[in-house]
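Notes for the one structure printed next.
Read-outs: derived from the displayed coordinates by stated rules, not from any lab. Because the structure is predicted, anything quoted here is derived from the model rather than measured. Virtual Cβ from ideal backbone geometry, glycine too; neighbours counted across all protein chains shown.
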Amino acid sequence: MSELWQGKLEKIDDYRWRIPKSYRPGMRVPGIIYADEGLLKDIRQDKALEQVANVAFLPGIVGASLAMPDIHWGYGFAIGGVAATDIEEGGVVSPGGVGYDINCGVRLIQTNLRYEDIKDKIEAFTRALFNDIPAGVGSKGDIRVSPREEREILVKGAGWAVEKGYGTDDDLECTEERGAIAGADPDAVSDRAYERGKAQAGTLGSGNHFLEIQAIEQLYDRDACDALGLDLGQITVMIHSGSRGLGYQVCDEYVRGMVHCLDKYKINVPDRQLACAPVNSAEGRAYLAAMKCAANYAWANRQCLMYLVRKSFERVLGEPWERMGMRLIYDVAHNIAKLEKYTVGGKEKLLCVHRKGATRAFGPGHPAFPERYRKIGQPVIIPGDMGRNSYLLVGTQRAMDETFGSTCHGAGRVKSRTQAARSVNANALLKELESKGIIVKASGRGTIAEEAPQAYKDVNDVVSVVHNAGISKRVCRMRPLGVIKG
Amino acid sequence: MAHQFHPPVKNYEIIEHTADLALRVNSKDLAGLFRNTALALFKISAKKKPSVKGLKKETLPVMQKADTLDELFISWLNELLSLSSAKGLVFTDFRIIRIGEKEIEAFAVGEDAGGFGLDKEIKAATYHGLKLKNSAEGWQAEVILDV
């Protein structure tokens, strides 16, 4: 299905490219792609750029249809896409601009453990995490909730988990939206979605979801590292998961409904997966109320997973997690739609910002994140593949000015799962990773080959673009030591 | 084949898609197209564990209505994925009672998911790139799945 994209692309500078509005009749704004020459070669290999142009058709879209350097072909929106619509001007919300795994996101936990002190225990830590964290397709967790509690989770998000003793108020302080976005309406979620969600709290899921023990190997911004309490050789833990079956169900039902809104509101989009409705319509409001429920469920899920990680570490080292300094650095969503205020054409506007495989990256001084980070900017967590690196970045004012406070979300795929599975031998890969000091444990062999480093762009290249373009700033780089895959 | 746990499915192939999974499915008639695609979906996501025998089976009615054939096709697949996840079943056969361009009535035969190795989670079937074609040779579908 893939072929080289032949559309029109204009170079703005070394890190920015434009698909002009004139590329296709119906585009309301241009497309802007953040990439360098090297990444662009891969990006042109599939239909991701056509999808950037498709998103430019959305009613009310302002500025540009944006793409981050980790962009790749998705369905509807490209993965790595950002689009903001002006609510007052009939701006729409599109469930396809959020995706099925609503609030798929990542959290980063610091510890006061040092690589030198625990290097002989990485295998034990990894094994303990693999045994303690339910992972894999359809996995069910030990954290069981009643139907009444499930409704509470959808409103209180990570706050529900903290009330149950699965975390602290400080964890909430360091979570986007304090782990619960306001306006969630449990009545906007179907019985089937509840049914799918009831057994999955505290489960990792499968595919590209993972949990990783890491060591900081490079500092880029000494002041920011000092502010965050981070140093070379320090151990961190990263969790990547989302809203599981509950989120898929919400997205499916609202895409199904919004396909009919295209006629009802006379909306012209080139792909039905971009089905949408005005934010200020019954359908738009209902979707956002349901999407927020799924987002809150995902924050509760990652909070429960963090609780399980802390317990696991306690068992291995025989010390309470507090003594190991297992504090949450930050938790960010990368599949979400948010109502945020920006200055557009000299006027302050309330926009519906879709981030589909993109991370919020608010600059210094913004009141949306904790006081302790105000000077440095919002922490942004960028997971890489299992064989390379992950990054901690911070948001910038330039992101506020150019990308609706958004940046990349990961490495981005470059090879299809089938190509990867064909060309990678899982056992050989595991051996190769082990020789680099990386232990991988996965529920299925298939996942290992499909998620092999060769299937992804080099996250170092992706981060280099967002750093050089100024839409976020490198703080430090981690290398993987132990990886749990779903 | 030593362990053939699903009814034979010869009429589908996996086609390349960077992030997700795309399928091309053929059948001589519309009922066969819906059935073959559904079978392919579960064959890709689950493999029965060879040691497991006598799994609990459950047959569920599935009815879907839509305004167009494309919508019906996507709704059928997503309803099956949703039912499978909610009920903890892997569907291994489908009996289509009635099908038109806007309506399908069928039974899905499921087995306890505990007896399967589940190595690929299919989140949904999507409209992006969806093609349903009817020609002298029969029906063909191309569909992209979010995995």
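If I filter region A:240-291 down to residues being polar (S, T, N, Q) and outside any helix (DSSP H, G or I), which single residue comes out as nearest to residue A:26 (Cα to Cα)? This residue is A:268. Taken over region A:69-95, residues that are in a strand (DSSP E or B) and within 14 Å of another protein chain (Cβ to nearest Cβ) amount to 11.
If only residues of region B:11-34 that are within 17 Å of the chain's Cα centre (by Cα), surrounded by fewer than 22 Cβ atoms within 10 Å (Cβ to Cβ) and assigned to a loop (DSSP other than H, G, I, E, B) are counted, the one that is nearest to the other protein chains (Cβ to nearest Cβ) is B:11. Within region B:35-68, track down each residue that is surrounded by fewer than 18 Cβ atoms within 10 Å (Cβ to Cβ) and under 22 Å from residue A:259 (Cα atoms). Answer for region B:35-68, where residues must be surrounded by fewer than 18 Cβ atoms within 10 Å (Cβ to Cβ) and under 22 Å from residue A:259 (Cα atoms): B:63, B:65, B:67, B:68.
Yes/no per residue for (1) within 14 Å of chain B (Cβ to nearest Cβ); (2) within 22 Å of residue A:406 (Cβ to Cβ):
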| residue | (1), (2) |
| --- | --- |
| A:8 | no, no |
| A:13 | no, yes |
| A:19 | no, yes |
| A:22 | no, no |
| A:28 | no, yes |
| A:34 | no, yes |
| A:39 | yes, yes |
| A:47 | yes, yes |
| A:60 | no, yes |
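If you check residue A:49 against the conditions, is it of a type outside the set (Lys, Arg) and assigned to a helix (DSSP H, G or I)? It is true that residue A:49 is of a type outside the set (Lys, Arg) and assigned to a helix (DSSP H, G or I).
A count restricted to region B:42-80 and to residues that are touching a Phe, Trp or Tyr at 6+ places or on another chain (Cβ under 8 Å) and either assigned to a helix (DSSP H, G or I) or closer than 16 Å to residue B:30 by Cα (or both) stands at 7.
Of the residues that sit in region A:164-218 and are part of a helix (DSSP H, G or I) and among the basic types (Lys, Arg), which one is farthest from residue A:450 (Cα to Cα)?
Out of the qualifying residues, it is A:178.
Tell me, please, whether a residue that is basic (Lys, Arg), out of contact with any Leu (no Cβ under 8 Å at 6 or more places or on another chain) and not in a helix (DSSP H, G or I) can be found in region B:97-108. Yes, that holds for at least one residue. Taking the criterion of being touching a strand residue (DSSP E or B) at 6+ places or on another chain (Cβ under 6 Å), facing chain A (nearest Cβ under 8 Å) and touching a residue at least 12 places away in the same chain (Cβ under 8 Å), would at least one residue in region B:102-110 satisfy it? Checked against the condition, which is being touching a strand residue (DSSP E or B) at 6+ places or on another chain (Cβ under 6 Å), facing chain A (nearest Cβ under 8 Å) and touching a residue at least 12 places away in the same chain (Cβ under 8 Å), region B:102-110 yields no hits at all. State whether the residues of region A:419-440 include one that is surrounded by 23 or more Cβ atoms within 10 Å (Cβ to Cβ) and on the phi > 0 side of the Ramachandran plot. No, every residue in region A:419-440 fails to be surrounded by 23 or more Cβ atoms within 10 Å (Cβ to Cβ) and on the phi > 0 side of the Ramachandran plot. In region A:96-112, of all residues being over 10 Å from the mean Cα position of the chain (by Cα) and within 11 Å of chain B (Cβ to nearest Cβ), the one that is farthest from residue A:197 (Cα to Cα) corresponds to A:96. When residue B:87 is tested against (1) away from every other protein chain (no Cβ under 14 Å); (2) among the basic types (Lys, Arg); (3) more than 14 Å from the chain's Cα centre (by Cα), only condition (1) is not met. For the subset of region B:112-147 comprising residues that are of a type in the set (A, V, I, L, M, F, W, C), within 8 Å of chain A (Cβ to nearest Cβ) and in contact (Cβ under 8 Å) with a residue 60 or more places away in the chain, which member is farthest from residue B:17 (Cα to Cα)? So, considering only residues that are of a type in the set (A, V, I, L, M, F, W, C), within 8 Å of chain A (Cβ to nearest Cβ) and in contact (Cβ under 8 Å) with a residue 60 or more places away in the chain, the one farthest from residue B:17 (Cα to Cα) is B:113. Residues in region B:37-84 that are more than 15 Å from residue B:125 (Cβ to Cβ), of a type in the set (Asp, Glu) and facing chain A (nearest Cβ under 10 Å): B:67 alone. When the helices (runs of 4 or more DSSP H) confined to region A:346-462 are screened for residues that are farther than 30 Å from residue A:17 by Cα and within 14 Å of chain B (Cβ to nearest Cβ), those reaching at least 2 such residues are found at A:417-423, A:445-450.
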